[in-house]
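Novice: Sharing a structure with you now.
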Amino acid sequence: MVFSERGRVQRVAEIFEILDAEYPVARPHLNFRNDFQLLVATILAAQCTDEMVNKVTPELFRLYPDPKTLSAAEPHVLETIIRSTGFYRNKARSLLKMAGALLEQFDGRLPRSVGQLVQLPGVGRKTANVVAGNCYGIPAIIVDTHFKRVIGRLGLSDESNPDKIEVAVRELIPEQRWTRFSMLVNEHGRRVCMARKPLCPSCALAELCPFPQ
């Protein structure tokens, strides 16, 4: 079920207030100290749990703390470190190309716009929005698997394409709330609105959600 535009705007405002009270500290579950680390960790998190990524990044960041050192990494060493995150050969290639592009195009510093971030190898809109929203304070709708699932169940969008979901949700909430709303919905998807066996009876959004029906 997808509600009218006016109905969705009103419901999103209510949803925001409820989730804001439920999760006062909603933030990325990936461990990072700077924008480069969050970029790398988010690339590794593709089709992998944040918990697993957090197990490999301490050693990864110890050996390769910046784009220069990462771009010079031996592929087989890098693959060994990140192997447990899955698809490690592809991810290693993406990390090496991304680090090289940062050096060649941006003097080793991450660009501060989503448009430029997505030009980097291995960086899609979700990854770029994660960095922009959480490191640079740029309003960003972050469409990960949790966000996509919860937004669909709440009847806020019937799109399946993440880019189209991003565009649709942007129209429903003030720009200054985009990043916070993304973090809140992500947290709710992790804790309550899980893919399997969502906790509908105890959900704070139960009265606003058509999913149980």
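Novice: Which ranges mark the helices (runs of 4 or more DSSP H) fully within the stretch 1-74 that have 1 or more residues being within 20 Å of the chain's Cα centre (by Cα) and without any contact (Cβ under 8 Å) to a residue 60 or more places away in the chain?
Specialist: On the way: elements: 5-22, 35-44, 50-63, 67-71.
Of the helices (runs of 4 or more DSSP H) lying wholly inside the stretch 1-74, those with at least 1 residues that are within 20 Å of the chain's Cα centre (by Cα) and without any contact (Cβ under 8 Å) to a residue 60 or more places away in the chain span 35-44, 50-63.
Novice: Hey, another quick one. Please verify whether Val143 is within 21 Å of Asp66 (Cβ to Cβ) and either of a type in the set (A, V, I, L, M, F, W, C) or outside the structural domain of Val40 (by TED's automatic domain parsing) (or both), treating the condition exactly as stated. Can you show your working first?
Specialist: On the way: within 21 Å of Asp66 (Cβ to Cβ): no; either of a type in the set (A, V, I, L, M, F, W, C) or outside the structural domain of Val40 (by TED's automatic domain parsing) (or both): yes.
Answer is no for this residue.
Novice: Inside the stretch 164-188, can you point out the residues that are of a type in the set (A, V, I, L, M, F, W, C), assigned to a helix (DSSP H, G or I) and out of contact with any His (no Cβ under 9 Å at 6 or more places or on another chain)?
Specialist: Ile165, Val167, Ala168, Val169, Trp178, Phe181, Met183, Leu184
Novice: Could you list all residues from the stretch 189-213 that are modelled with pLDDT under 95, part of a loop (DSSP other than H, G, I, E, B) and under 18 Å from Asp20 (Cα atoms)?
Specialist: Cys209
Novice: Let me ask you something else. Any residue in the stretch 136-154 that's free of Cβ contacts under 8 Å to residues at least 24 places away in the same chain and farther than 14 Å from Arg8 by Cβ: show its pairings with residues that are buried (at least 18 other Cβ atoms within 10 Å of the Cβ) and of a type in the set (Gly, Ala, Ser) at Cβ separation under 6 Å, as long as the two are six or more apart or on different chains.
Specialist: Final answer for the pair search is none.
Novice: Okay, moving on. Report, ordered by the first and then the second residue, all pairs with beta carbons closer than 6 Å, sequence separation of six or more or different chains, a first member in the stretch 108-134 that is in contact (Cβ under 8 Å) with a residue 60 or more places away in the chain, and a second member that is hydroxyl-bearing (Ser, Thr, Tyr) and surrounded by fewer than 23 Cβ atoms within 10 Å (Cβ to Cβ).
Specialist: Partner pairs satisfying both residue conditions: Gly122/Ser94.
The values are calculated or read from the model by the stated rules, or taken from the named source; none is laboratory data. All values reported here derive from a predicted model rather than from experimental measurement. As a convention, Cβ positions derive from the backbone with ideal geometry for all residues, glycine included, and neighbour counts pool all protein chains shown.
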